[in-house]
Amino acid sequence: MFEMRGVRRQNRGRLQNQGFTLNEQTLSRRLERVAAHVPQGARLADIGSDHGFLPVALMLRGVIEAGVAGEVAQTPFASAQRTVRRNGLEARVTVRLADGLAAVEPQDRISVVSLCGMGGETMCEILEAGKQRLAGVTRLVLQPNGAERDLRQWLVGNGYRIVSEELLRENRFDYEIIVAEPGVAVYTAEQLYFGPVLMQEKSEAFMVKWRRMLRQKQQTLANFQRARDAVPQAKIDDFNLQVGWITQVLG
Ligand code: SAM
């Protein structure tokens, strides 16, 4: 059975999350926040869509004009097909079995691509492999599970600027949402690490996350000290750098 962060896939295309059934009517808080960044009238490709809840919910709400749910794996692909079918949306939300952005075809005229709930490294690979399919796309809505710094680095290196960011905590996990649009931007190493918008806004969720991260990194550094011979100096230096940045951002 497929396991998501804090959410277990149920065998009838429905999810239980702290007593709530998650489906195309009731999105998780995380997907609701992603949905909030999809503009009215968008033509959305949701890559790694799994159950297809995001594009179907946005179509039912009248937010998107057209949707593509892309899935690389057979079981979630079938699940997305069921979600689309039970809502009678076959003509408006296309489900494709495809690797990454190969799910996007020129005739879709996609304006927004979302990638959610997968590792940031995987997202970089998907974006890199499918760059040429992003022509005409005016917004990327990304919710990586980790490697946010790598993802920001990919974005800035490939002609995107970050226009919005959010950090939220759900089911004991911190989730970052990064919204990017074509444009030129220059970010410092700290901005890539914390998120340029997040570090400027310093929300309560941001402060809580980084206080926790500081404690973890200080603990790791203490462990490094105890096993000094075994840990490369470059790794210790990197942790010290991060601890310095976090201490500074927390003020
Ligand atoms: N996007 C949904 C969400 O955030 O709730 C589902 C997240 S689920 C954890 C990740 C999904 O991404 C899985 O269904 C997996 O099959 C799909 N996936 C992973 N790599 C992919 C790729 N290269 N192309 C398309 N889908 C992919």
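The values are calculated or read from the model by the stated rules, or taken from the named source; none is laboratory data. It should be emphasised that the depicted structure is a prediction, and the values quoted were computed from it without experimental measurement. Backbone-built Cβ (ideal geometry, glycine too); neighbour counts: all protein chains shown. Surface accessibility is based on the protein's heavy atoms, side chains included, excluding ligands, DNA and RNA. Shrake-Rupley method; radii C 1.70, N 1.55, O 1.52, S 1.80 Å.
Below is a table of values for the structure above.
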{"quantity": "Residues of region 45-76 satisfying the condition of being within 12 Å of the ligand (Cβ to nearest atom), buried (at least 21 other Cβ atoms within 10 Å of the Cβ) and over 18 Å from LEU22 (Cβ atoms)", "calculated": "ALA45, ILE47, VAL68, GLY70"}
{"quantity": "Test: ARG152 is among the basic types (Lys, Arg) and either open to solvent by 40 Å² or more (accessible area, probe 1.4 Å) or free of Cβ contacts under 8 Å to residues at least 40 places away in the same chain (or both)", "calculated": "no"}
{"quantity": "Total residues in region 221-237, condition within 20 Å of GLU190 (Cα to Cα) and open to solvent by less than 60 Å² (accessible area, probe 1.4 Å)", "calculated": "2"}
{"quantity": "The one condition in (1) crowded, with 20+ Cβ neighbours inside 10 Å; (2) farther than 16 Å from GLY159 by Cβ that ALA129 fails to fulfil", "calculated": "(1)"}
